[in-house]
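Visitor: Mind having a look at this structure? Questions to follow.
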Amino acid sequence: MNVPAVALKQDQWEDASDLGRFSGARTRPLRIPAPEISERTTTSVPTWFQPTLDRFLELAEFQENWDQRGSAQVRRDVLSFALRSVLPKILPPTAPAPAAIPLGHGGIQLVWNTNTAEIEVEVIAPYSVIAYQFDKATGRKRKNN
């Protein structure tokens, strides 16, 4: 470094009187709203979760031929898929727990009954789901794959 540059560098910091000149600055808080990139979530566990989990744990214990008619063991991947992917997408947090019924091919059927409708969701395998809706007032049936 040359001599004039060293002298300039030293002169910058020798006068300590204005080192705190920005300490008295005042600013207003700046609020930037965060964009909502997904629906708001709940912080509590849905009311249907624990009873459904308990029933799924029971079904996971079923062995081959659990009904003495040669039915397949309830598939654990079906139970996991239903609990993690299907139910959270179709049930609000305060919905009643479904009745969970084992099926002979290793899948499960989830059933809800109300005074006005009956809904059945059959989980055959992960990503293989069939839903049925029966409107008790009109007698109409609907099937969704």
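Visitor: So which GluC sites (Glu not before Pro) in the stretch 46-123 end up in coil per DSSP with only 15 or fewer other C-beta atoms within 10 Å?
Guide: Numbers: sites: GLU58, GLU61, GLU64, GLU118, GLU120, GLU122; in loops: GLU61, GLU64.
Sparse-neighbourhood loop GluC sites (Glu not before Pro): GLU61, GLU64.
Visitor: Report the residues of the stretch 87-116 in range of a label on GLN73: point 7 Å along Cα→C-beta, backbone N strictly under 17 Å from it.
Guide: What the label zone holds, given the 17 Å backbone N cut-off, is 102-108.
Visitor: While we're looking at this one, here's another question. When only the heavy atoms of the protein chains count and the probe is 1.4 Å, how do TRP112, TRP66 rank by accessible area, highest first? Before the final figure, lay out each step's value.
Guide: Details: TRP112 35, TRP66 70 Å².
Final ranking, largest accessible area leading: TRP66, TRP112.
Visitor: At 0.692 mPa s and 37 °C, plugging the Kirkwood radius over alpha-carbon pairs of the stretch 55-101 into Stokes-Einstein gives what diffusion coefficient in µm²/s?
Guide: On the way: Rh = 11.9 Å.
Result for D is 276 µm²/s.
Visitor: Please report the Cα spread of the stretch 88-145 along all three principal axes, rounded to whole Å, starting with the longest.
Guide: 33, 26, 18
The values are calculated or read from the model by the stated rules, or taken from the named source; none is laboratory data. The structure presented is a predicted model; accordingly, all values stated were derived computationally and were not measured. All Cβ positions, even for glycine, are placed from backbone atoms using ideal geometry, and neighbour counts span all protein chains on display. We work out accessible area using only protein heavy atoms, side chains counted, and drop any ligands, DNA or RNA first. Shrake-Rupley method; radii C 1.70, N 1.55, O 1.52, S 1.80 Å.
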